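A short write-up of the structure that comes next.
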Amino acid sequence: MRRILVTSALPNANGAIHLGHLFEHILTDIWVRFQRMAGNECYYVCADDAHGTATMLAAEHLGTTAAAMIETLRREHAEEFGRFHVGHDNYYSTHSPENERLTRAIYERLAEDGRTFTADVEQLYDPERKLFLADRFVKGTCPRCGADDQYGDNCQECGATYDATELGNPRSTLSDNTPQLRSSDHYFFDLAQFTDFLKEWTASDAVQPEVANKLGEWLTGGLKAWDISRDGPYFGFTIPGTEGKYFYVWMDAPVGYMASFENLCDRSEGLDPDDFWRADSDAEVHHFIGKDIINFHCLFWPAVLQGAGYRTPTKVHTHGFVTVDGAKMSKSRGTFINASTYLKHLDPEYLRYYFATKLSANTDDVDMQLDDFVQRVNSDLVGKVVNIASRCAGFIHRGFDGTLAEGVHDAELWAAASNVRHELADLYERGDVGRAVRQITALADRTNQYIAEHEPWKHVNDPDRRDEVQGVCSLGINVFRALVVYLKPILPAMAAKAEAFLKVEPLAWEDAAEPLVAHEIDRFKPLFTRIDRKDVDKVVAETVAEVEAEDAEDQGGAEVSIDDFGKIDLRIAKVVDANFVDGADKLLELRLDVGDDARTVFAGVREAYHPGALVGRLVVVVANLAPRKMRFGTSEGMVLAAGPGGEDIFLVSPDAGAEPGMRVT
RNA sequence: GGCUGCGUAGCUCAGUUGGUUAGAGCACAGCAUUCAUAAUGCUGAAGUCGUUGGUUCGAGUCCAACCGCAGCUACCA
């Protein structure tokens, strides 16, 4: 028996659980449930990732404390995962006493052994907010191409990467002030010391081949020291022996896996964290992550563990991202679906099954096509698998008192159904679940063919052929039982209902080895209902509505005084000319007559309006908006419009009689 | 820009170390059937395997270039 500890990446403690989190946790949960069915001792822990500047600012925004906010979200997250049947043994928080102790201990061990050093770092500082600014809180002009309004790490226009200190006219996105350049001592983990170790580790089968390729890039390029400290104010753990220095969130986040497990052990008889984490442990540790955090889990984390005298992960399972209908999840398209919205209208097992059909052992992105989602679930699960039990059970009850036959009617079919368990086990182990599902549905197909060939409905009233009818339907039920075994890691709730129908104890993997004979079963009740496409549409529509409400709150929620409003100079303008902009997908260049002066405004309405339809019409424009340099020219104002974007943009226009230049108040 | 991965029927994907007329499911069309949650079975139509070159007796499969898509590019989690 293997002893296995499994983790999923830690969701942020400042946002809701969405489709992307669900994908990762469902695929991990499927693996965990398989391991348990196969008889292994398997623990699955996770936690919210509580620390970081973002958490601090979010709590500030809500007018609460970080500690209160993260606890509320932690409960919410744990409950939502639970409703998707994700069976974490512990869903903890990285803001825990266990984690603080472990993180400090690990750091101290690394520091003692000369694995860390300090260095002076120059960084932008916001004097008003009194904090050092992470790259994403600084905007300015790209030092290479001169594009305005770029973040502190790279330029979205030309793709250049640079230091935030290189930006022209930098400003803090938190206060809009000009930041100052200040220097501060930072603590570094000397990752380069672990280069040889990491080369060896990544070449083992601890990571997928494409991940090893990616890591090879960093390894051959030379590893840089890793800055593990942040200056206060910061929401996190303080670094021992320092004043106002905090551990960078990614230092304590993976330690959170250990902390969550330790917390579980404290509440469980005979479970010792050391058995899993000591350097010579023969237990296994498996991390499931998305491909965006490969560097943290496959470079920093193994190096930290190695340096601190712990074992390294057995395997890091990396997956791709979820897209919806071929595009990134989008709030305005309604495909940035939160767990809570989904749960209002759809059964969690639909999603579990659909994700399972798309799972592979590689890091490709997984596209959730909403039509495909409905069809796959309805056709495979209701039409094929469940249908077998549904069509056989009636005969068993009508003619045979609900009792299955003594023997196996078709030894070949049963052998196929039973023996495939070895291959399926291998596929589950490797994470090639989509392929396993294809094998499973093929077996269901074969069984429906078998039943059709023997036409039990024709012979059920023929006394000479009663045994055959019972045999065929009993075998149908037995193959169905095997299918339930194979699908149980994916569909635990359906499996529980099927177990009740079959009147059996909870099924384990090896139960597929032997058929049920002369066994009484219950009457069949529907195990699974079809998805109605309308319910999917409701989820999408509600997601759009939520986003709009959120936007309204962000923009209109905070009250402004009439004086503030008075600062905005809204004017009626007439569109004199409108043209496409070469190279811009969304923009139209508009020449506007605003009374005395004419000006050029770039408006993101190309998908909704043809230039010809705009010439001559009156619009409302923000006349005193600071001119903004864009890639295609300077925009001198903003045209007001409603709608989520894309093709749904609706320009605001005045009633007849308004003249260009009139002030809107 | 550099790097990683992907690009096979309308959709989702299989295609082993290169080998005869490229496969499956969904969707579609026709037929059959009625035991089953309008479920099932049979038959059929549908692909110049991203493009162009190359290696080879032979390439979806190997090589090169190009095109397209996604992601990464370390102090955003």
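Between the Cα long axis of helix A:492-502 and the first principal axis of chain A there is an angle of about 20°, rounded to the nearest 10. Average accessible surface for the range A:444-496: 36 Å² per residue, computed with a 1.4 Å probe over protein heavy atoms with every protein chain in place. Counting only protein heavy atoms and a probe of 1.4 Å, the accessible surface of the range A:327-440 is 44% carbon and sulfur.
Just to verify a number: FRET efficiency for A:Thr634 and A:Gln439, C-beta to C-beta distance, R0 = 51 Å, to 0.05?
Working: r = 61 Å, r/R0 = 1.19.
Efficiency at R0 = 51 Å is approximately 0.25.
Please report the antiparallel percentage of the DSSP beta bridges confined to chain A, to the nearest 5. All intermediate terms of the calculation are to be shown ahead of the outcome.
Details: 57 of 80 bridges.
Antiparallel: roughly 70 percent of the beta bridges in chain A.
Using the Karplus relation 6.51 cos²θ - 1.76 cosθ + 1.60 with θ = phi - 60°, the per-residue 3J(HN,Hα) values for the range A:212-227 come to 4, 4, 4, 5, x, 4, 5, 5, 7, x, x, 7, 8, 5, 10, 6 Hz, with x marking Gly and Pro.
Think of a 1.4 Å ball rolled over the protein heavy atoms: the range A:43-128 then has 44 Å² of accessible area per residue. FRET efficiency for A:Ala283 and A:Lys497, Cβ-Cβ distance as r, R0 = 30 Å, nearest 0.05? My answer for the efficiency is 0.35.
Starting from the Kirkwood Rh over alpha-carbon pairs, what translational D in µm² s⁻¹ does chain A have by Stokes-Einstein at 10 °C and 1.306 mPa s?
Diffusion coefficient, whole number: 55 µm²/s.
Residue separation of A:Asn579 and A:Asp597 scaled by 0.36 nm, minus their Cα-Cα distance, works out to 4.6 nm of gained length. Taking each DSSP H run with n ≥ 4 as -39500 (n - 2.57) and averaging over every residue of chain A yields -12500 deg cm²/dmol at 222 nm. Across the cross-link table entries A:Lys358/A:Lys538; A:Lys291/A:Lys497; A:Lys344/A:Lys503; A:Lys214/A:Lys245; A:Lys199/A:Lys224, which are compared at the Cα atoms, the separations over 26 Å belong to A:Lys291/A:Lys497; A:Lys344/A:Lys503; A:Lys214/A:Lys245. Remark: spin-label model distance A:Val615-A:Asp401 equals 9.0 nm, labels positioned 7 Å along the Cα→Cβ axis. Each of A:Ile451, A:Pro463, A:Leu124 was scored by the projection of its Cα onto the charge dipole of chain A, and the greatest displacement toward the positive side belongs to A:Pro463; charges sit on the C-beta of Lys, Arg, Asp and Glu. Rolling a 1.4 angstrom probe over the range A:112-239 with all protein chains present gives an accessible area of which 42% lies on carbon and sulfur atoms.
Plainly put, the range A:1-61 has a radius of gyration that is 1.14 times its Kirkwood radius, both from alpha-carbon atoms, as the Rg/Rh ratio.
Each peptide in A:325-337, A:605-617, A:348-360 receives the mean, over its residues, of other Cβ atoms within 10 Å, and ordering these scores from highest gives A:348-360, A:325-337, A:605-617. A simple spin-label model places pseudo-atoms 7 Å from Cα toward Cβ; at A:Ala518 and A:Asp135 they are separated by 7.2 nm.
Computed from backbone phi with θ = phi - 60° and the Karplus coefficients 6.51, -1.76 and 1.60, the 3J(HN,Hα) list for the range A:280-290 is 9, 4, 9, 6, 10, 10, 10, 10, 10, 9, x Hz; x is used for glycine and proline.
With a Förster radius of 56 Å applied to the C-beta separation of A:Thr178 and A:Asp537, the computed FRET efficiency comes to 0.70. Across the range A:329-339, coupling constants 3J(HN,Hα) worked out from phi with the 6.51/-1.76/1.60 Karplus curve, θ = phi - 60°, read 4, 10, 5, 6, 7, x, 9, 8, 8, 8, 3 Hz, and Gly and Pro carry x. Mind grabbing the base-10 log of I(q)/I(0) for the range A:276-403 at q = 0.15 Å⁻¹? Debye formula, identical points on the C-alpha positions, no solvent, two decimal places. Debye output, listed in q order: -0.88. Rolling a 1.4 Å probe over the heavy atoms of the protein chains gives the range A:206-247 an accessible area of 45 Å² per residue.
Taking the Cα centre of the range A:245-300 as reference, the dipole from Cβ charges on Lys and Arg (+1) and Asp and Glu (-1) amounts to some 440 debye.
By how many degrees, 0 to 90 and rounded to 10, does the Cα axis of helix A:411-430 deviate from the longest principal axis of chain A? Approximately 30 degrees, to the nearest ten.
The values are calculated or read from the model by the stated rules, or taken from the named source; none is laboratory data. None of the values given here were measured: they were computed from a predicted structure. Here Cβ is always computed from backbone atoms with ideal geometry, including for glycine, and neighbour counts include all displayed protein chains. Just so you know, the surface numbers come from the protein's heavy atoms only, side chains and all, with ligands and any DNA or RNA stripped out. Shrake-Rupley method; radii C 1.70, N 1.55, O 1.52, S 1.80 Å.
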